[in-house]
1. In whole angstrom, how long is each semi-axis of the equivalent ellipsoid of the stretch 121-206, when you take the square root of 5 times every eigenvalue of its Cα gyration tensor and sort them from largest down?
2. Normalise the Debye intensity by I(0) for the stretch 4-521, one equal point scatterer per Cα, no solvent, then take log10 at q = 0.09, 0.11 Å⁻¹ and round to two decimals.
3. For the stretch 363-422, go through all pairs of different Cα atoms, get the mean of 1/r, take its inverse, and jot down that Kirkwood value in Å.
4. So, by mean Cβ neighbours within 10 angstrom, what's the order for 83-90, 452-459, 381-388, 38-45 with the highest one leading?
5. Can you figure out the FRET efficiency of residue 332 with residue 427, using R₀ = 22 Å and their beta-carbon distance, to the nearest 0.05?
């Protein structure tokens, strides 16, 4: 939860400081008004805190309430810093992300950078330039390419089998299982094994450390966003200790990465051959390439790996969690998906990732899950120079927040937008359906679960491989009974990933014996 009350209390104590800032903002507004700047619609604001009083603990829901009242393009001021432009319409999103892409290709760096030991080495927040282009090309051609993802198909299968074994044990013991916890373990291990050839679970301490970093960072980003906006330059004082917490989390993870990196280098020196190169191997190899366009340092490598953990682990497990929850709450959809798997795969072997192209209803279930529950509910850009969007002036350095969740639930784009209906992505009897062929990797602006274009998520192929394979395996092998026979509570949380508030707690009941099917697959 964002501790807005603490921040407001602090703002009162610093009233004199903010009064000065406020007077400066008023003066600046008067000077710019002479140029007849036409800002997007904006709610009434208060001195010092701007529109902060309109934002509750659930930031995304607060923003959506303002969107419903003031329209798909609004301007908010949070505290003393520059304004934020909120976009919740596919047409306006296209105007920003495609028609004026190069003017919005950069991102605002979070206030957390002041306390990040990797500050200045980020790929996600890097300015659009030589380093960012080099790393994006590297992601798409080597590190996270489809070919690299396919090289680790067996790892994802092994982790799915571990998940099945856990659920079988819960079933045999008659225990309810928190599916969310198990999905986090699966995604954490898949990403760790692909990046560093380790499950980060050689000891419980290592597994806990990686997850604490991922979850802790996500929670702190929201808090940094608010303190940075409200306190301005005083946010550097770290009045609430968020910076200290972030630094502590990152140093612990840095020590683990340094240890694993040293092991990789030692293996190379001793000519220990590996069947395939993980992401750390590739990065170390590139760092030694004298002809490389960019010389990667150890800090570059560790910063990139921490961003893979942060951007990949929680987002993928959250998407899986929502998919299973929706299927449990919609038994007819669950049944239809199982029938498709049975028809295509049969009942004598486990479904494999190679089966996915032949499972269109599975693909529709995933698309509908990501439409309703995007793993990143908001995406951030920065306006580089003054321009006009939808007839309004957007000023240089204003933050632009694209509300992906609102766009993908817009009734102007989707029929019954709040209903879980995978059929909307299936062809009809005449073989025609615009939604069926709809690209959801950033070319169609009605559905943007992975962002769009240059700043789109480079890890989409990996995420989709994990999501499709895991959903198919669970539906093929298990039924899930909710305690007390009730439907799952689908309330979403406060974070950027939009995770479910309540645990996905249920009793797994084997439909097919996954352990027998596993033996047949070997």
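1. Working: eigenvalues 230, 42, 25 Å².
Largest first, the stretch 121-206 gives 34, 15, 11 Å.
2. Debye output, listed in q order: -0.69, -1.03.
3. On the way: mean 1/r = 0.0750 Å⁻¹.
Evaluated over the stretch 363-422, this radius sits at 13.3 Å.
4. Values: 83-90: 22.9, 452-459: 19.4, 381-388: 16.4, 38-45: 14.5.
Answer by packing, highest mean first, reads 83-90, 452-459, 381-388, 38-45.
5. Details: r = 19 Å, r/R0 = 0.86.
Between residue 332 and residue 427 the formula returns 0.70.
Every number in this text was worked out from the coordinates using simple rules, so none of it is lab data. As the structure is a computational prediction, the values presented were derived from the model and not from experiment. Cβ sites come from the backbone with ideal geometry, for glycine too, and all protein chains shown count toward neighbours.
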